[in-house]
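Read through the structure below, which is laid out as structure tokens, and then see the notes.
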Amino acid sequence: MPPAIATLARRSRSAIRAARNAFLGDSAPPSSGDIPVRPHLLDRGPYFRNAARILKRHSAQTVDDVAGLCRKYQPPVFGKIAVWELVQKLALCIDPTDGRLFCTSQLIHVFQILDEMESDGVTNDEFILAALVHDLGKVLLLVGERPENVVGFNDPIGAYEPGCGLHNCTLQWNHDELAYSRVKDHLPEGLAWLVRYHSINRATCDPYMDEKDRAHSVRYLDVFERYDHGTKSPVFLPKPRIEKYRSVVEKAFPHPIVF
């Protein structure tokens, strides 16, 4: 190799290593076979710009948008389906706005929650079940729904009387409401409430909670959100205990549901 080309090649490899380390940290392992990753594939800029556009569109939802989405998803999407099959579909779902998970699947996110719960000694089947089903609505990403109608945190649209109850407010619409509409008749009230409101913006929604909302929040959301948001990582590989988790789901949902 001519010296000038060899020098350029060394500089290119150095730039690629720098880009990789900027993304993964200085302890990043070498690429397989010492073949470098293409630098543009490690550039986080496009990811964050796209995420910002999606979240801006989500925050711009109107009352009419929410009503339209509720009507759109009154009919079943998948028909009658086993809930465990829906859990498995999360392996194909990527939240394009989650800068903690990046391209990590929603199923890995679920297993990350469960791993950390187990590490903390949380063995309550309610919370295990909540981890398994809370994001089921994200399967809408697999059927062509626009991501701004599936992901993001939810705020009230408009002003309401403090303490009126979240069920009396119109919140932005996402996977929470879709999943709630499908599982509410199969879960205890508090768990169904958690599925519906696990993505609320606490600062804007808490003032509108009524006594029942606050009780559910203390019992479920205050605990669960620490795992839902505090265990996300693109580099934490959990230990999935498939059969153990499947039995929890099938105990709660022994028959297929309309979804």
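Please enumerate the residues belonging to region 47-64 that are more than 20 Å from the chain's Cα centre (by Cα) and not in a loop (DSSP other than H, G, I, E, B).
Within region 47-64, Val63, Asp64 meet the criteria.
Return the only residue of Lys251, Lys212, Lys244 being without any contact (Cβ under 8 Å) to a residue 40 or more places away in the chain and assigned by TED's automatic domain parsing to the domain that holds Thr170.
Being without any contact (Cβ under 8 Å) to a residue 40 or more places away in the chain and assigned by TED's automatic domain parsing to the domain that holds Thr170 holds for just one of Lys251, Lys212, Lys244, which is Lys244.
Would you be able to say whether some residue in region 126-144 is touching a Pro at 6+ places or on another chain (Cβ under 7 Å), part of a loop (DSSP other than H, G, I, E, B) and more than 21 Å from Phe48 (Cβ to Cβ)?
No, because not a single residue in region 126-144 is touching a Pro at 6+ places or on another chain (Cβ under 7 Å), part of a loop (DSSP other than H, G, I, E, B) and more than 21 Å from Phe48 (Cβ to Cβ).
Restricting the search to region 44-89, which residues are more than 30 Å from His255 (Cα to Cα) and of a type in the set (D, E, K, R)?
Within region 44-89, Arg44, Arg49, Arg53, Lys56, Arg57, Asp64, Asp65 qualify.
On the given criteria, is Val218 among the aliphatic types (A, V, I, L, M), surrounded by 15 or more Cβ atoms within 10 Å (Cβ to Cβ) and either touching a residue at least 24 places away in the same chain (Cβ under 8 Å) or farther than 18 Å from Ala67 by Cβ (or both)?
No, not satisfied.
When both residues are 6+ apart or on different chains and their Cβ atoms are under 9 Å apart, which pairs have a first residue that lies in region 58-81 and is more than 10 Å from Phe259 (Cα to Cα), and a second that is aliphatic (A, V, I, L, M) and assigned to a helix (DSSP H, G or I)?
Gln61/Leu69; Leu69/Leu178
Starting from region 159-181, take each residue that is more than 14 Å from Ala67 (Cα to Cα) and list its partners that are assigned to a loop (DSSP other than H, G, I, E, B) and acidic (Asp, Glu), counting only C-beta distances under 6 angstrom and pairs at least six apart or across chains.
The qualifying pairs are Gly163/Asp210; Gly165/Asp210.
The values are calculated or read from the model by the stated rules, or taken from the named source; none is laboratory data. Because the structure is predicted, anything quoted here is derived from the model rather than measured. Please note: Cβ atoms are built from the backbone with ideal geometry, for glycine as well, and neighbour counts cover all protein chains shown.
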